[in-house]
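I have placed the structure first, in the form of C-alpha cells, so that the comments after it can refer back to it.
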Amino acid sequence: MESRPEYDAVVVGGGPAGSTAAYLLGESGHRVALLEKRTYPRDKVCGGCLSQKSVRFLDRVFHLPVPALRREGLLDSAGTGYALYIGSSRILAGDLAEPVYFTRRERYDAHLARMAVEAGAEVHAGVEVVAVDHARHTVMTSDGDRYAARVLIGADGIHSRVRRSLPESVVRPERWRENLGWALELAVPREEAEALANGDGPIHLDDGFATPHLVFAACRWGYGWVFPNENAVVVGIGGLLQVNRNGLRDRFEEFLKTIGFSAFVDRRPAGFMVPLGNYIPSPAHEGTVLIGDAGGFAGPILGEGIFYAHRTAELAAHAVDRHLTTAAPLAETYTALLRRRLIPELRAERVLRDFVYGCLDARMHVPLAAFMRATNTRVIDAVQGSRSFRGFRRDDDLHSAVW
Ligand SMILES: Cc1cc2nc3c(=O)[nH]c(=O)nc-3n(C[C@H](O)[C@H](O)[C@H](O)COP(=O)(O)OP(=O)(O)OC[C@H]3O[C@@H](n4cnc5c(N)ncnc54)[C@H](O)[C@@H]3O)c2cc1C
C-alpha cells in the first residue's frame, strides 16, 4: 500500500465534470489529483449533443471557441435544423437560430483531461477508487493506494461510488430513484443507414440524416432521438426508469421501426442510466462535494448532462477554492451557489417536464402539440441557454462567471 502526499483536492472520475473541476483548481494553483478508473481515450454512452449552453461554457472557461473546437477535432458534426414529433406526427421543424453540435466523447473527454494536466493537475488514469472515507478525506484505490486531500470531489458519474458512500440524508434515495432515467442507444454506420433508401416507417428522416430529430412518446416519460454524426446515425430512447422498467428494449425496437430502421432491430443497443430531474439539492457532506451525473445534474426534460457536468464543476471549484484559501465552509458555499445559479433553472425545467410528459401519459397529444407550437422557439432558446425556463425570459445567469 502506498500513501501519497496530501493533495488540496482529489477528484474521483475524469468525465467532463471531473476534468473541469481539476482544470479550474489546477489553474488556481491548487494541488489536485484526478483519479479515473479507465484509460483515455475512453468512450461513454452518450448522444454527444452540445447545446449552445455547452458551446458558450467551452469558450468562456476552456478558451475553446467553435473554430478551436473544430481545429482540435472535437466537433464531429453540426445540426442547423430540427424536427420534433409526437409519436409519428411531425409537430415542428425548421432552422435553428444557432446550431447544436455533436462531439465524440472519447475525443472530448480525453482532450479536457489533457487540458487539466496542462493547468497543473495530476491525472491518474486506470486508477479505480474502491472506498471513500469522508471524515478523513481519503480514498482507497483498487491497487491499495491511499490518496488524502483537504477536499474530495465526486465526479464519478451516475453510479458514483462517492455518492453511494454518503449518508441517505444527503442523497435522499427515494427522490433519486423516482427521477432516475434509463436510455438505450445505437450508432448505425452512416453507409448502412444511407443504403436503406428512405426506410420503411411512418417517420421519414430527412435526406442525408443531417437534422436532429426528437420524438416524444417513443417511451413513457421520455423521448427518442436521431442525431447526425459524421460516420454514423445515432439513435436512442430514454425515459424515467420506474415507468419503463419493463419493455424499454421493446419500445426501442418499435422506435427503430417508426423511423424506418427496422433493418437494425437485431443490433444490441448500449444501455446506461441518465439523470432526469434527480439532482441532489445539497450534494455535500463533510469535505466531499458531488458534481455532474454523480449529483444527478442534467436537464430534466432531455437529460442533457454535459453542460450541467461543466457548470456544477465550475460552481464546486469556486466553493473549493474559497474553502482552501479563506476557510469558507465548503458545503454551505457550494450549496448556496447551486441554489442561486442552477437549481431554480432545473426546478423550472422539471415543472415543464411534468407538464409535457404528464400530457403525453394522459394521451393529450393535441393540446400538447398546440402548446409546443405556441412556445416553440422559446423552449428551443431555453434548451440552448439564451432564455431561462423560468418564464422563458432572457437570462444570462447560466453563463456568468462565478469568480
Ligand atoms: C444514452 C445517453 C445519451 C446522452 N446524450 C447526451 C447528449 O447528447 N448531450 C448531453 O449533454 N448529455 C447526454 N447524456 C448525458 C451525459 O452523457 C452525462 O450527463 C455526462 O457524461 C456526465 O458527465 P460526468 O463527468 O458527470 O460523468 P461521466 O461522463 O459518466 O464520467 C464519470 C467518470 O468517472 C469514472 N469513474 C466511475 N467510477 C469511478 C471510480 N470508482 N474510480 C475512478 N473513476 C471512476 C468513469 O470511468 C467516467 O470516466 C446522455 C446520456 C446517455 C446515457
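For the stretch 231-250, residues that are over 21 Å from Arg107 (Cα atoms) and either part of a strand (DSSP E or B) or of a type in the set (Asp, Glu) (or both) total 5. Taking the stretch 126-194 as the region of interest, the helices (runs of 4 or more DSSP H) fully inside it that hold 3 or more residues being within 16 Å of the ligand (Cβ to nearest atom) and under 30 Å from Gly26 (Cβ atoms) are 161-164. If the condition is being within 16 Å of Gly222 (Cα to Cα) and either acidic (Asp, Glu) or part of a loop (DSSP other than H, G, I, E, B) (or both), then the stretch 353-385 contributes Asp354, Asp361, Ala362, Arg363, Met364.
Condition (residue is free of Cβ contacts under 8 Å to residues at least 40 places away in the same chain and in contact with a His (Cβ under 9 Å, 6 or more places away or on another chain)) applied to the stretch 301-323: is it met by at least one residue? No, there is no match, as no residue in the stretch 301-323 is free of Cβ contacts under 8 Å to residues at least 40 places away in the same chain and in contact with a His (Cβ under 9 Å, 6 or more places away or on another chain). A single member of Asp8, Asp59, Asp43 is in contact (Cβ under 8 Å) with a residue 12 or more places away in the chain, more than 10 Å from the ligand (Cβ to nearest atom) and either in contact with a Leu (Cβ under 7 Å, 6 or more places away or on another chain) or not aromatic (Phe, Trp, Tyr) (or both), and it is Asp8. Taking the stretch 257-276 as the range and being more than 15 Å from the ligand (Cβ to nearest atom) and crowded, with 16+ Cβ neighbours inside 10 Å as the test, the residues that pass are Lys257, Thr258, Ile259, Gly260, Phe261, Ser262, Ala263, Phe264.
Screening Ala97, Ala113 for residues that are among the hydrophobic types (A, V, I, L, M, F, W, C), touching a strand residue (DSSP E or B) at 6+ places or on another chain (Cβ under 6 Å) and not in a loop (DSSP other than H, G, I, E, B) leaves exactly one candidate, Ala113.
Being crowded, with 22+ Cβ neighbours inside 10 Å and either part of a helix (DSSP H, G or I) or among the β-branched types (Val, Ile, Thr) (or both) is the filter here; which residues of the stretch 210-230 pass it? Val215, Val226, listed by residue number.
One residue stands out in the stretch 284-303 among those that are within 7 Å of the ligand (Cβ to nearest atom) and closer than 18 Å to Gly14 by Cα: the one that is surrounded by the fewest Cβ atoms within 10 Å (Cβ to Cβ), namely Ala298.
Every number in this text was worked out from the coordinates using simple rules, so none of it is lab data. Quantities reported herein were computed from a predicted structural model and do not represent experimental measurements. All Cβ positions, even for glycine, are placed from backbone atoms using ideal geometry, and neighbour counts span all protein chains on display.
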